[in-house]
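Everything below concerns the one structure shown next.
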Amino acid sequence: MIKCLLVDDEPLALNVLEGYVEKTPFLELVARCNSAIEAIQVLETQEVDLVFSDIQMPNLNGMDFSKMLIHKNIKLVFTTAYEQYALEGYKVNALDYLLKPFDYSEFFSAANKAKTEIMGASSKILNSGVSYKDDYLFVKSDYKLVKIVLKDLIYIEGLKDYVKFYTVNSEKPILSLMSMKSLEEELTKKNFMRIHRSFIVNLDKITTVERNRIIFGSKYIPVSEKYKDNFQQYLNSDLSH
């Protein structure tokens, strides 16, 4: 499924777009937003692959909003009533440009183009920039694919749109553009646990816990209040065996 976000200051336009999304089997609606400001807030907490956005909107227009998506690996389709923006839209790497009023066949064509871009050439590497195997994963880093063996992975640190992978065999962390949420969903199946907004740890690598902190060498990783109960349950179950 391709997760999409709708952005338009006109409620009727949003209703039309939402109806089109519901008719498209490979699209999943994450949220509908009345402004680009609201859309930015959604993108801070939700994973999105594709954005359908109007251009003329108050406070922050769609063109300026689009420039914020360039480094997020999010595809963009403009939906507007003004054809004079078409050339400018392609300059910011918009995937398509739908001129209002457009019908479902035009919408589907744009959505299908996005599907090809997102799912096609990189089908083996997920949209998050990572490919999972039983005992290792591949991540995109510095225009290369880097193999990380899970038993060698100590912990992961999140930094806004990037994550750092710390392993036993590398002096420097491996930096990759992806979300902590996507990693958490997959790695929790492989004996990893999220213990802080910014940290996921390999449970097999934990040797010392002190005052709600996990100690890896000279690094002290805090266990936040949100994840403390879950982590304590793990420690209690481990001690009972």
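Residue by residue, here is whether (1) in a strand (DSSP E or B); (2) under 30 Å from Met68 (Cα atoms); (3) free of Cβ contacts under 8 Å to residues at least 40 places away in the same chain holds:
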residue	(1), (2), (3)
Ile195	yes, yes, yes
Tyr220	yes, no, yes
Asn230	no, no, yes
Tyr234	no, no, no
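Once the stretch 169-188 is narrowed to residues that are more than 19 Å from the chain's Cα centre (by Cα) and at pLDDT 85 or above, the residue that is surrounded by the fewest Cβ atoms within 10 Å (Cβ to Cβ) is Lys172. For first residues located in the stretch 129-151 and over 13 Å from Ile174 (Cβ atoms), partners that are of a type in the set (A, V, I, L, M, F, W, C) and part of a loop (DSSP other than H, G, I, E, B) and lie 6+ apart or on another chain with Cβ distances below 8 Å form the pairs Ser131/Ile125; Tyr132/Leu126. Among the residues of the stretch 126-156, how many are modelled with pLDDT of 85 or more, part of a strand (DSSP E or B) and touching a helix residue (DSSP H, G or I) at 6+ places or on another chain (Cβ under 9 Å)? The qualifying residues number 6. Every condition in (1) buried (at least 18 other Cβ atoms within 10 Å of the Cβ); (2) modelled with pLDDT of 80 or more holds for Pro58 except the one numbered (1). Going through (1) within 30 Å of Leu27 (Cβ to Cβ); (2) modelled with pLDDT of 85 or more one by one, Ile118 falls short only on (2).
Selection of the stretch 189-220 for residues being more than 19 Å from Leu150 (Cα to Cα) and surrounded by 19 or more Cβ atoms within 10 Å (Cβ to Cβ) yields only His196. Annotation: of all residues in the stretch 20-53 being assigned to a helix (DSSP H, G or I) and among the polar types (S, T, N, Q), the one that is nearest to Phe65 (Cα to Cα) is Gln41. Of the listed requirements (1) surrounded by 19 or more Cβ atoms within 10 Å (Cβ to Cβ); (2) modelled with pLDDT under 85, Phe107 misses just one: (2). The one condition from (1) closer than 22 Å to Ile74 by Cα; (2) surrounded by fewer than 16 Cβ atoms within 10 Å (Cβ to Cβ) that Val139 does not meet is (2).
For Ala36, indicate whether it is at pLDDT 80 or above, surrounded by 22 or more Cβ atoms within 10 Å (Cβ to Cβ) and either more than 18 Å from Thr116 (Cβ to Cβ) or in contact with a strand residue (DSSP E or B) (Cβ under 8 Å, 6 or more places away or on another chain) (or both). So Ala36 fits the description; yes.
Taken residue by residue, the stretch 199-208 has no member that is touching a residue at least 12 places away in the same chain (Cβ under 8 Å) and more than 12 Å from Tyr155 (Cα to Cα).
The values are calculated or read from the model by the stated rules, or taken from the named source; none is laboratory data. Owing to the predicted nature of the structure, the values given are computational and were not obtained by experimental measurement. Cβ atoms come from the backbone with ideal geometry, glycine included; neighbour counts cover every protein chain shown.
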